[in-house]
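Colleague: Quick one: the structure is below, questions incoming.
The values are calculated or read from the model by the stated rules, or taken from the named source; none is laboratory data. The structure presented is a predicted model; accordingly, all values stated were derived computationally and were not measured. We place every Cβ from the backbone using ideal geometry, glycine too, and count neighbours over all the protein chains shown. Keep in mind that these areas ignore ligands, DNA and RNA; they rest on the heavy atoms of the full protein, side chains included. Shrake-Rupley method; radii C 1.70, N 1.55, O 1.52, S 1.80 Å.
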Amino acid sequence: MKTEKRTTGNAALDALLGGGLELRTITQFYGEPASGKSTLCLVAAIACLRAGHVVAWIDSEGFSTERFRQIAGEDTEKIAERFFLFEPVDFEHQGSMILEVEKVLKAHKPGLLAIDSATALYRTDLEKGRDAMQALTRQMIHLLGYAKRYEIPVIITNQVYMDTIKNTFYGLGGTALEHISKVIVRLEKTDKPGLRRARLVKHRSRPEGASFEYEITGDGISVR
């Protein structure tokens, strides 16, 4: 079994993860809106594209071509041809596209698969209760299968809900996302304007609680 890591495109995040994104594994970033989830994913995807790999990206929140251009800079045109974008319109469609993405993984040598966000469309199906949770679990199992079959890292971003009793937020999806993600990073806002913190909350070989602070910038993030 490979233990190779793939860079996230940011040295501080690589260090937090023990060297980068682990192959054959799902890494989850969860946090409040505007905490930097999509940006961190894009930085990792663009680093992977620059290394010559193919990236498959499933986007349920509206992909920003302009943000891609900001981070990729002068490399945009050169690397965009290896970037395969899927944009589901509802939660059921998301499941179909997760199945469809394997065509790209089979046809090309993939370097990374990302889904941003895994739970945005799931949130609209929450009234279906157990059925929605089972569907989300199936989707995540498919993603983990791809990670192992094609020996790639998978990144998922996750939305949050507020626990008003404990006055803190947690990732959506319960055990479906918590157990299947071998690495989980919580992104949180700090008391300082514009400053965010990435905190490691789950890792099979590193202690929890390590963190670094960063700002979101035009071309990605800047570590403080």
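Colleague: Which FRET efficiency, nearest 0.05, do ARG50 and ARG123 yield, Cβ-Cβ r, R0 35 Å?
Modeller: Working: r = 33 Å, r/R0 = 0.94.
After rounding, the FRET efficiency stands at 0.60.
Colleague: Excluding GLY209 itself, what net charge comes from residues whose Cβ is under 12 Å from its Cβ, given Lys and Arg +1 and Asp and Glu -1? Display every interim value, and only then the final one.
Modeller: Values: positive: ARG186, ARG197, ARG199, LYS202, ARG206; negative: GLU208.
Here the charged neighbours net out to +4.
Colleague: When Rg is the radius of gyration of the Cα atoms in segment 5-223 and Rh is its Kirkwood radius, what does Rg/Rh come to? Write down the numbers at each step before the final one.
Modeller: Working: Rg = 16.2 Å, Rh = 17.4 Å.
We get a ratio of 0.94 for segment 5-223.
Colleague: Can you give the accessible area of TYR30, probe radius 1.4 Å, in Å² rounded to 10?
Modeller: Answer for TYR30: close to 20 Å² accessible.
Colleague: Give me the 1.4 Å probe accessible area per residue for segment 5-223, excluding ligands and nucleic acids, in Å².
Modeller: Numbers: 9910 Å² over 219 residues.
Here the per-residue accessible area is 45 Å².
Colleague: May I have the convex hull volume per residue, in Å³, for the Cα set of segment 35-132? Before the final figure, lay out each step's value.
Modeller: Values: hull volume 9.7 nm³, N = 98.
It is 98 Å³ per residue.
Colleague: Using only the heavy atoms of the protein chains and a 1.4 Å probe, how would SER222, SER64, SER205, SER35 rank by accessible area, largest first? Working shown, then result.
Modeller: Numbers: SER222 35, SER64 55, SER205 95, SER35 0 Å².
Final ranking, largest accessible area leading: SER205, SER64, SER222, SER35.
Colleague: Can you tell me what share of the DSSP beta bridges in the chain is antiparallel? A percent to the nearest 5 is fine. Each step should come with its number before you reach the end.
Modeller: Values: 21 of 44 bridges.
Restricted to the chain, the bridges split so that about 50 percent are antiparallel.
Colleague: Do you know the relative contact order of the chain, to the nearest whole percent, from alpha carbon pairs under 8 angstrom that are 6+ apart? Walk me through the intermediate numbers first.
Modeller: On the way: 440 pairs, mean separation 61.0, N = 224.
Computed value for the chain: 27 percent relative contact order.
Colleague: I've got another one for you. Looking only at LEU195, LEU17, LEU49, which one moves most when the chain is put into a Gaussian network model with springs between Cα atoms under 10 Å?
Modeller: So, out of LEU195, LEU17, LEU49, the one fluctuating most is LEU195.
Colleague: Which percent, to the nearest 5, of DSSP beta bridges fully inside segment 1-120 are antiparallel?
Modeller: Details: 2 of 12 bridges.
If we restrict to bridges inside segment 1-120, about 15 percent are antiparallel.
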